[in-house]
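Bear in mind that the values in this text are calculations on the coordinates, not laboratory data. Please read these numbers as outputs of a predicted model, since none were measured by experiment. When we count neighbours, we look across all protein chains shown, and the Cβ atoms used for this are built from the backbone with ideal geometry, even at glycine.
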Amino acid sequence: MNSAVIGTGEISAEHLKFLANSKSAKLVGVCDLSRAAARYAAKTFGADKAYTDYKQMLDEAKPDVVHVLTPPQTHVALATDCLDAGAHVICEKPITLGHDQFTSLWNHADSKQKHLIEDHNYRFNRPILKIEKLIDDGVLGDVSEVDIRMALAIRDGGRFADRNLPNPAHKLPAGVIHDFITHLGYLVLRFFPDPDRVSAAWTNHGGDDLFKYDDLDAILIAGDKHARIRFSCRTGPDCFALTVRGTRAEVQTDLFHPFMRLIKPRKGGEKLSPVVNQLANGLSLVGSSLSNLRNKLMQRSPYEGLHTFLKRTYDALQHGTEPPVTFDDMDRTSRLIDQMLAEGNRV
Amino acid sequence: MKLLVTGASGFLGRHIVAQAVQRGHDVRAQVRPVSNIKDLGWEDHPRVEIIRADLRSKADLDQLVQGVDAVVSNAACKAGDFYTQFAGTVITTENLLAAMANTDVKRLVAVSTFSVYGFLKMRDRELLDEESPLDTDPIDRDEYAQTKLVQEELAREFAKEHEGHVTVVRPGVIYGKDNLWTARIGMELGTDRCLVVGGRSILPITYVENCAQAIVFAAEKEQAVGQTYNIVDDNLPTHRQYLRALNQHRKPRMKSLPMPWLVMRFLAALALGVNKLFLGRRAKVPSILRPAALHARCKPSTYTNRLIKDSLGWSPHFGMEEALQRGVDETDHAALAPEPAETQAVADDTDADRETRTCA
């Protein structure tokens, strides 16, 4: 399939690496407002041509798939034009700034009979796929609690702390947290699909005028089941931790420093299970430490799930099957974000 | 002349502004929107106009450039990941050059670096001059080298596409107050030890005031148009000699562990071989064990400043001993006196002339 990319920021490196190495895709164009950036990306990843005008790229290169990797405020306009040009769209998160916009964009894609796919990359990281299998195999029992916690020291430096040229993410409805909230949303919904009550505390503990919010503490309740979403930039170290508790077992992981801790009934019965869990998880932790060292050396990052996501997406587009991120996944994620931001649900 | 100096609040930029004013020029100094300008040393000088702008954004850049005779493109980013450095070095330059094209400002002095040279393909002890080949495959170099190469390419394109009058200056290692250590010597091991790679290799240094003066010379001299100049000082020391001299001014003294160049070169080649053979060349190796990076940092080469001296009549005013002394004393050598002495634009001045304009 002929593929093209709009936007050559940091995340583009992962998309372009995939496209440069994929047998399913031919990189026909890279576009950025900066000619230097577009040319550098095109040269580095072997694109046919660099563009500074995406409409010219759509017209000349006629891509079958376009990766929209620009700031979220631009997604609707760019995706609409790509769909109009007859291309499927893979779009970075958040795909739109609200559920209404998402519905409208989805309907447009539907009318053009093209796929619109939001990047839910962490859902395809190995630990998440393992947890899904544990649930499918009945090891966890019924999921009754989910905790997701992301901690990032984004106030201490880097692109979000830059006051010289504030990042466009500061102008999103939830400020910079909006740039991460999609990940937290789709992951919690993967294990906790139907919250009927949502309440969220959005706070700016740092209290300056650059950040709109720097902390989110949200509770989701569905019947007798509970989930919690936390985002913090004041507690270290950086983490992306997930705990899923079921009626039979509990599993923990961290997507930034992957490990898997599984507490479940073990052979040996109720009395020996705690000991066997300690031993098994100890061994598992040693293995994870070695794997993480190897990953560090081999430059494998937590973006490993993005490559799986793109591989599955391209397979689906080629074979005409449903992409791995469905309308339902995107719709529910977008609605959840709206619910967390709604004034009536604020704590 | 009226000069625009970008990155004016940085280590080199402050001195370029000071030198330009001392040589009788008016200066428009670009600093970023939230840079602290209280201690620049020339913030209240009547010949300096400070403009706050972020060059990563095109907004207001035409106004920044409008009305100047020449632009000294000095802004660059040396820290952060590739994308941060690309934005801070390449996008900034691209936007600046677009503004120059829009406002018909032709004269550009582009501040580049020795890092653009392809040291790996040079022989040991080969002379590095302006004709030496640039690095054509910088993928194993650091982000700084990668982005500075693109930046230089943009300056050359500006000359071609917009009939720009471009001079490229490539300083070696710039040293001065708060920047006396350089990774070219080797590798710091904690606060008071270092691995000195190739102790007898020559260190291509230029003291920040000397370098700033050379850049101002390049901006004001007609014969500099279309030229590329390497900037290094005279009587360059070896790695060992520089460290010894630095230790005279430094407490605690830096203890050195010598590492012969040939041994380090062998270790880096071995690391590359293992990486290629067993790890598909995907392993992340410390820069000192990557041949392309190691050669750029520590290779025993020889250097010359003959071209800039002959062409522009520049010569470095401060020798290493005096420069190191100025690098550790209490005086801010980029500061200009509040009431500047009468100055005049000078085409060919003498050391005595320059002495009278030494900053406060």
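For the range A:34-41, indicate whether the set of residues that are part of a loop (DSSP other than H, G, I, E, B), more than 14 Å from every other protein chain (Cβ to nearest Cβ) and under 24 Å from A:G158 (Cβ atoms) is non-empty. Break it down into steps so the answer makes sense when it comes.
Here is the first cut: in the range A:34-41, the residues part of a loop (DSSP other than H, G, I, E, B) are A:34.
Those left that are additionally more than 14 Å from every other protein chain (Cβ to nearest Cβ): none.
No, because not a single residue in the range A:34-41 is part of a loop (DSSP other than H, G, I, E, B), more than 14 Å from every other protein chain (Cβ to nearest Cβ) and under 24 Å from A:G158 (Cβ atoms).
The residue that is nearest to A:G46 (Cα to Cα), counting only those in the range A:11-24 that are touching an Asp or Glu at 6+ places or on another chain (Cβ under 9 Å) and in contact (Cβ under 8 Å) with a residue 60 or more places away in the chain, is A:H15.
Please go through the range B:67-93 and pick out each residue that is charged (D, E, K, R) and either closer than 29 Å to B:R141 by Cα or within 14 Å of chain A (Cβ to nearest Cβ) (or both).
Pass one, the range B:67-93, residues charged (D, E, K, R): B:69, B:78, B:81.
Within the range B:67-93, B:K78, B:D81 meet the criteria.
Only strands (runs of 3 or more DSSP E) whose full extent lies in the range A:169-244 are considered here, and the ones with at least 2 residues that are over 21 Å from A:I135 (Cβ atoms) and acidic (D, E) are A:215-222.
With respect to B:E43, is the statement that it is without any contact (Cβ under 8 Å) to a residue 24 or more places away in the chain and surrounded by 15 or more Cβ atoms within 10 Å (Cβ to Cβ) true?
On the way: without any contact (Cβ under 8 Å) to a residue 24 or more places away in the chain: yes; surrounded by 15 or more Cβ atoms within 10 Å (Cβ to Cβ): yes.
In short, yes.
Listed by position, the strands (runs of 3 or more DSSP E) enclosed by the range B:191-255 that each have at least 3 residues that are farther than 26 Å from B:S73 by Cβ and touching a residue at least 60 places away in the same chain (Cβ under 8 Å) are B:193-197.
Taking the condition touching a residue at least 24 places away in the same chain (Cβ under 8 Å), of a type in the set (F, W, Y), under 30 Å from B:A98 (Cβ atoms) and away from chain A (no Cβ under 14 Å), does B:Y144 pass?
Working: touching a residue at least 24 places away in the same chain (Cβ under 8 Å): yes; of a type in the set (F, W, Y): yes; under 30 Å from B:A98 (Cβ atoms): yes; away from chain A (no Cβ under 14 Å): yes.
When the stated conditions are applied, B:Y144 passes them.
Residues that are farther than 21 Å from B:G226 by Cβ, in contact with a Lys or Arg (Cβ under 7 Å, 6 or more places away or on another chain) and surrounded by 22 or more Cβ atoms within 10 Å (Cβ to Cβ) within the range B:136-170 are absent altogether. Give just the number: which of (1) more than 14 Å from chain B (Cβ to nearest Cβ); (2) at negative phi; (3) surrounded by fewer than 21 Cβ atoms within 10 Å (Cβ to Cβ) does A:D208 not satisfy? So A:D208 meets the others, but not (1).
Filtered by the rule that a residue be of a type in the set (K, R), assigned to a helix (DSSP H, G or I) and within 13 Å of B:L120 (Cβ to Cβ), the range B:257-297 gives B:R265, B:R297.
Here's the yes/no breakdown for (1) of a type in the set (F, W, Y); (2) within 14 Å of another protein chain (Cβ to nearest Cβ); (3) surrounded by fewer than 16 Cβ atoms within 10 Å (Cβ to Cβ):
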position: A:D238; (1), (2), (3): no, no, yes
position: A:A249; (1), (2), (3): no, no, no
position: A:Q299; (1), (2), (3): no, yes, yes
position: A:Q318; (1), (2), (3): no, no, yes
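Counting the residues of the range B:232-289 that are of a type in the set (V, I, T), within 14 Å of chain A (Cβ to nearest Cβ) and within 30 Å of B:V111 (Cα to Cα) gives 1. Condition first: surrounded by fewer than 21 Cβ atoms within 10 Å (Cβ to Cβ) and touching a Lys or Arg at 6+ places or on another chain (Cβ under 7 Å). Now tell me which residues in the range B:10-31 satisfy that. Residue satisfying the conditions is B:D26 alone.
A single entry from B:L127, B:L64, B:L120 fulfils the requirement of being among the hydrophobic types (A, V, I, L, M, F, W, C), away from chain A (no Cβ under 14 Å) and surrounded by fewer than 15 Cβ atoms within 10 Å (Cβ to Cβ): B:L127.
Meeting the requirement of 1 or more residues that are more than 27 Å from A:F160 (Cβ to Cβ) and over 20 Å from the mean Cα position of the chain (by Cα), the helices (runs of 4 or more DSSP H) wholly within the range B:59-126 are B:61-65, B:92-103.
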